Amino acid sequence: MRSQRQLRVGEEIRHALASILMRGDVPWPRDFSPPIITVTEVRISPDLKNATVFVMPLGGERMAETVRVMNDGAGFFRYEVGKAVKLRHVPKIKFLADESFDAAQRIEEILRDPVVAKDLGKRSGD
């Protein structure tokens, strides 16, 4: 379970990264056309030295390429977060693809399956 401080610092970093991406001054590689990127969650380690940032490009397109390019530029993002969020030590940032939307879609498909829907429609004791 994450502490209140981890949750608060993670949320501050999430807001800072979202602001950095909205400004549009990220030094992307020349051969990369960045999609609109959503920062869905930031998880901070208990010692506040590492941050795992979950991102989702709009529509989930070019997910692997986007995550790779963002990890290549993690130093830039760390520097910018350090300017925006007042912390003693700015955490190392690692970007990962947010797979939670895919998992939610799979669950939705399972629940719509006629066999499962039939079982969900039954009441206990029937």
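Since every read-out is calculated from the coordinates, none of them should be taken as a lab result. These numbers come from a predicted model, not from an experiment. Backbone-built Cβ (ideal geometry, glycine too); neighbour counts: all protein chains shown.
Dividing the mean sequence gap of close Cα pairs (under 8 Å, 6+ apart) by how many residues the chain holds gives a relative contact order of 24 percent. In order along the range 29-39, the Karplus-derived 3J(HN,Hα) couplings, from 6.51 cos²θ - 1.76 cosθ + 1.60 at θ = phi - 60°, round to x, 4, 8, 10, 9, x, x, 6, 10, 9, 8 Hz, and Gly and Pro are given as x. Within the range 4-98, the proportion of C-alpha pairs whose separation exceeds 23 Å stands at 17%.
Ranking PRO35, GLY82, PHE95 by how far each Cα lies toward the positive end of the dipole of the chain (charges on Cβ) leaves GLY82 at the top.
Our coupling estimate for the range 5-13, obtained by passing each phi through the Karplus curve with A = 6.51, B = -1.76, C = 1.60 and θ = phi - 60°, is 5, 4, 5, 5, 5, x, 5, 5, 5 Hz, Gly and Pro reported as x. Once backbone amide H atoms are built at 1.01 Å from N, ASN50 has SER45, LYS92 as its partners under 5 Å, excluding neighbours fewer than 5 places away on the same chain. Amide H contacts under 5 Å for THR38: MET56, LEU58, restricted to partners 5 or more places along the chain or on a different chain, H placed in the peptide plane at 1.01 Å from N.
Couplings for the range 109-118, taken from phi via the Karplus curve 6.51 cos²θ - 1.76 cosθ + 1.60 with θ = phi - 60°, read 5, 5, 5, 7, 4, x, 5, 5, 4, 4 Hz in order; Gly and Pro are left as x. Close amide H contacts of LEU96 (hydrogens built in the peptide plane, cut-off under 5 Å, sequence separation of 5 or more or a different chain): VAL53, PHE54, VAL55. For a quick check, take a GNM of the chain with Cα springs below 10 Å and name the residue from ASP72, ASP98, ASP47 with the largest mean-square fluctuation. Sorting by GNM fluctuation, first place goes to ASP47.
So in the chain, what percent of DSSP beta bridges are antiparallel if you round to the nearest 5? Of the beta bridges lying entirely in the chain, close to 55 percent run antiparallel.
Result for the chain in a Gaussian network model with C-alpha springs under 10 Å: among LEU58, LEU48, LEU96, the largest mean-square fluctuation is at LEU58.
Per-residue ellipticity at 222 nm from helix content only, as computed over the chain with -39500 (n - 2.57) for each DSSP H run of at least four residues, stands at -15500 deg cm²/dmol.
The long axis of helix 63-72 is offset from the longest Cα principal axis of the chain by roughly 30 degrees.
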